[in-house]
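The values are calculated or read from the model by the stated rules, or taken from the named source; none is laboratory data. Here the structure is a predicted model, which is why all the values come from computation and not from measurement. Cβ sites come from the backbone with ideal geometry, for glycine too, and all protein chains shown count toward neighbours.
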Amino acid sequence: MDKYTELEYRGLNIIDEISTVELAIDWENQRIHVFDTNQVVEPEYHFLTKSYQLSEGFYKMVKVLNDKQIWAIQKVEGVQKGYTDYAWYFYGSRNCILKYENSTMMEVIKIENLNDEMVTYHHLYTKYISKLR
């Protein structure tokens with residue numbers, strides 16, 4: 001099993017309450033898993049383009065992580081400068097898991113369609129999958 005660095009981030013959700021977001025960073029494979037059921041950093045649906053986009057809360061979180069210099073521990077370039085170099089997986093209040101990679105947001109899989117094979121195939125973080133079920 002890959003080694004993950006787990007962090008918590010606290011920010012304001014959509015109704016201006018302080019909520020916690022969990023992060024699991026897989027440095028080796030450049031994947032960041034984000035568990036956010038309170039809509040703090042979760043991607044927003046853009047009705048004009050009919051697609052998901054990164055939220056203002058996400059960019060605030062990236063700024064805080066850069067300010068805390070968490071990326072220097074692993075000797076990687078700051079996420080704000082190169083956050084698109086990582087695959088970001090969002091586990092949250094939606095009925096699906098979203099992935100942001102190469103400046104593109106996509107739906108990975110619907111929660112009801114998840115099985116062990118799909119978890120492995122899509123490189124999902126099992127701890128967050130079990131929390132969603």
Go through (1) of a type in the set (Asp, Glu); (2) in contact (Cβ under 8 Å) with a residue 12 or more places away in the chain; (3) in a loop (DSSP other than H, G, I, E, B) one by one and return the number of the condition residue 16 breaks. (2)
On the basis of being within 11 Å of the chain's Cα centre (by Cα), of a type in the set (D, E, K, R) and not in a loop (DSSP other than H, G, I, E, B), does residue 6 make the cut? no
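Against the condition surrounded by fewer than 12 Cβ atoms within 10 Å (Cβ to Cβ) and closer than 18 Å to residue 29 by Cα, how does residue 103 come out, does it pass?
yes
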Just to be sure I understand, how many residues within segment 108-133 are touching a Cys at 6+ places or on another chain (Cβ under 7 Å) and either exposed (fewer than 15 other Cβ atoms within 10 Å of the Cβ) or touching a residue at least 40 places away in the same chain (Cβ under 8 Å) (or both)? 2
Looking at segment 19-28 only, could you name the residues that are surrounded by 18 or more Cβ atoms within 10 Å (Cβ to Cβ) and either assigned to a loop (DSSP other than H, G, I, E, B) or hydrophobic (A, V, I, L, M, F, W, C) (or both)? 21, 23, 24, 25
Could you look through segment 17-28, keep only residues that are modelled with pLDDT of 90 or more and not aliphatic (A, V, I, L, M), and pick out the one that is farthest from residue 131 (Cα to Cα)? 17
Residues of segment 8-18 classified as of a type outside the set (A, V, I, L, M, F, W, C) and surrounded by 14 or more Cβ atoms within 10 Å (Cβ to Cβ), total: 3
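For every residue, the table says whether it meets (1) surrounded by fewer than 19 Cβ atoms within 10 Å (Cβ to Cβ); (2) touching a strand residue (DSSP E or B) at 6+ places or on another chain (Cβ under 8 Å).
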site	(1), (2)
30	yes, yes
33	no, yes
36	no, yes
40	no, yes
43	no, yes
50	yes, no
59	yes, no
63	yes, no
